Amino acid sequence: KMTMVKKLAVAFPLLAQIWNVQAFHSVHSFQQRSSAISEAAEANNRRSFLEKSTAALVGALSFPTRALAEEDDQIDVYFGCGCFWHVQHEFVEAERNILGRSDDQLTSRAGYAGGRAGAKDGKVCYHNAQSISDYGKLGHAEVVSMKIPSSKYKDFAVEYCKLFRNGMRPDQAGDRGLEYRNLIGLKGGSKNPLALELIEASKATGDQLDFAVGKGDDSDAPRLVWIMDTEKYPFYIGENYHQFHDGFAFGENYPDSYNKLNKQFASKGEDFGSCPNGMVGIGIGGL
């Protein structure tokens, strides 16, 4: 009788081989599309294939997705959906409500991910006057990372999907471009069986989104979410002044107790990097 590990060893290469001969095009073909409509249509085909392939993998292994998830209980994931200020607040609330975490147990952090270039000089920074390791120039998007039980991944994926309205993020009309694209990060990316739970979460919240395999430096398209492999596209922590920040929209002026969490974590020795302090060095509102 094959062990679970052996089944995985057999199934994952098989799935990878299937992936190489199906309709997954490179990111370059996406960027050559003449409109977001054709791009989203292509992504819909990808989502269908992703769903079928992931379901086939789970069935071949003869155990539920959740059972696999619980074997590696705590996982590092990230979610991106426009400006990371509002997104961080929503996931802090999710940590509190879903996991019952106290302030000192919160793991949601604002930062950057998704660029092919990785870090420059050992860091990734917000836009700054010296253009030092600028995250946009490195191809990254704003994301929020967290460490959660894999058995609760779908619950967090639901919270992510609830950020959208008719497939559009709240700041879609304002914050646009590569830095604000929609993406999620999982170890193994689309080959992780938890990717199926992401699709299920989208269906449970109105089936607003399409999904595609991220190749790095991906485009910003409405209703499209890139699935990134965190081993290839890791998370880079954002500056302290970006952590637990108020959002832009009306009603996103969060309590002082929330805003002060950045100082509390810094005082306990958490490292938020050595990037310049914003565009003009004052660290307020991204300046």
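The values are calculated or read from the model by the stated rules, or taken from the named source; none is laboratory data. For clarity, every value in this text was computed on a predicted model and none was experimentally measured. Every residue, glycine among them, receives a Cβ derived from its backbone with ideal geometry; neighbour counts consider all protein chains shown. We work out accessible area using only protein heavy atoms, side chains counted, and drop any ligands, DNA or RNA first. Shrake-Rupley method; radii C 1.70, N 1.55, O 1.52, S 1.80 Å.
Some points to look at:
- Computed E for GLU270/ASP207 - FRET, C-beta separation, R0 35 angstrom, nearest 0.05: 0.35
- Protection proxy ranking of 139-146, 127-134, 232-239, by the mean of other Cβ atoms within 10 Å over each peptide's residues and highest first, is 139-146, 232-239, 127-134.
- A 1.4 Å probe run over region 97-250, with the rest of the protein chains in place, finds 37 Å² accessible per residue.
- Gyration tensor (alpha-carbon) shape descriptor, region 146-287, a/c threshold 1.5: prolate
- Net lengthening on full extension, ASN97/LYS120 (0.36 nm per residue, minus Cα-Cα): 4.6 nm
- Cα-based shape type of region 165-245, given that a ≥ b ≥ c are square roots of the gyration tensor eigenvalues and the cut on a/c is 1.5: oblate
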